[in-house]
Amino acid sequence: MIELYYWTTPNGHKITIFLEEARLSYTIMPVRIGAGEQFKPEFLAISPNNRIPAIIDRDPQGGGAPVSVFESGAILLYLAEKTGQFIPKDLRGRVDVLQWLFWQMGGLGPMAGQNHHFSQYAPEKIPYAIERYVKETNRLYGVLNKRLADRPFLAGDYSIADMAAYPWIVPYERQGQNLDDFPHLKRWFEEIRARPATVRAYERAKEINTEPTMSEEAKKILFGQTAGVVKS
Ligand SMILES: N[C@@H](CCC(=O)N[C@@H](CS)C(=O)NCC(=O)O)C(=O)O
């Protein structure tokens, strides 16, 4: 049984997508980030970066004490190793998945996140910042499109690399991108969107959260954090 500390954001969806694909049994522990629940000491104990997602595996391989994991990439890798699914066992296949997983973690996620911030949430519309992140997102979409020109998924079969990237393409319109400019990416996106596990993962999100995460109150909690938020 996996406990998933989760909110309905792209980094949260990555993990419900995996859990639904692998048909693992899991319980969602909602962490309302717009209400500041990520700063609770119990949550910081498993996620010291005060960010969702995190998991606790109460039935780890080999038994023993429960294992907790934070950072969505680390969680995907942990679950892939636990189940032996969505990452190949051979050296080359594994390296391929890992490099695209880390590419998402270090590039697509953070850049698209800044894109959302400056395009939609920043109190001032700063053209330089908006343009910088819209263009960088555009470049990253181009990288994905090229990679997908001659293969169905990012690294061989459907893998944790695809699960990490997909939720960050879902808000492509908000990111100022047109999927018609990226036909291979669009084909990949539509294929993953139609997977029954993806559909179930996004259905779970709708059950858990019926309100928009962003409000004026939430912005005060989410933006402008300093070291003070993690002081116990
Ligand atoms: N690198 C982290 C990023 C996680 C992250 O940014 N989570 C956001 C939601 S998508 C969050 O929890 N925000 C809470 C906050 O900013 O206080 C991961 O991939 O797990």
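The values are calculated or read from the model by the stated rules, or taken from the named source; none is laboratory data. In this text, all values refer to a predicted model and were calculated from it rather than measured experimentally. Using ideal geometry, Cβ is built from the backbone for each residue, glycine included, and neighbour counts are taken over all protein chains shown. Please note that ligands, DNA and RNA were not included when accessible areas were found on the heavy atoms of the full protein model with its side chains. Shrake-Rupley method; radii C 1.70, N 1.55, O 1.52, S 1.80 Å.
Structure data summary
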| item | result |
| --- | --- |
| Residue count, the stretch 4-27 (criterion: part of a strand (DSSP E or B), over 11 Å from S72 (Cβ atoms) and either within 11 Å of the ligand (Cβ to nearest atom) or of a type in the set (D, E) (or both)) | 1 |
| Check on A227, open to solvent by 60 Å² or more (accessible area, probe 1.4 Å) and more than 18 Å from the chain's Cα centre (by Cα) | yes |
| Filtered residue count, the stretch 51-69, keeping only those that are within 15 Å of the chain's Cα centre (by Cα) and either at pLDDT below 95 or open to solvent by less than 40 Å² (accessible area, probe 1.4 Å) (or both) | 5 |
| Filter result (closer than 19 Å to I160 by Cβ, touching a Phe, Trp or Tyr at 6+ places or on another chain (Cβ under 6 Å) and either of a type in the set (A, V, I, L, M, F, W, C) or away from the ligand (no atom under 11 Å from the Cβ) (or both)) within the stretch 28-75 | I52, A54, V69 |
| In the stretch 70-102, residue most open to solvent (accessible area, probe 1.4 Å) [restricted to those that are of a type in the set (D, E, K, R) and outside any loop (DSSP other than H, G, I, E, B)] | R92 |
| Residue satisfying condition, being closer than 30 Å to E216 by Cβ, of a type outside the set (D, E) and open to solvent by 40 Å² or more (accessible area, probe 1.4 Å), within set P167, P110 | P110 |
| The stretch 56-69, residues that are in a strand (DSSP E or B) and among the hydrophobic types (A, V, I, L, M, F, W, C) | I56, V67, V69 |
| The stretch 59-73 residues that are on the phi > 0 side of the Ramachandran plot, paired with ones that are part of a loop (DSSP other than H, G, I, E, B) (beta carbon under 9 Å, 6 or more apart) | E71/S47; E71/N49; E71/R51; E71/P53 |
| Residue list for the stretch 170-210, restricted to those being open to solvent by 30 Å² or more (accessible area, probe 1.4 Å), more than 14 Å from the chain's Cα centre (by Cα) and hydrophobic (A, V, I, L, M, F, W, C) | A194, V199, I208 |
| Pair list, Cβ < 8 Å and 6+ apart or interchain, from the stretch 23-41 residues that are within 15 Å of S68 (Cβ to Cβ) and at pLDDT 95 or above to residues that are of a type in the set (S, T, N, Q) and surrounded by fewer than 16 Cβ atoms within 10 Å (Cβ to Cβ) | P41/S232 |
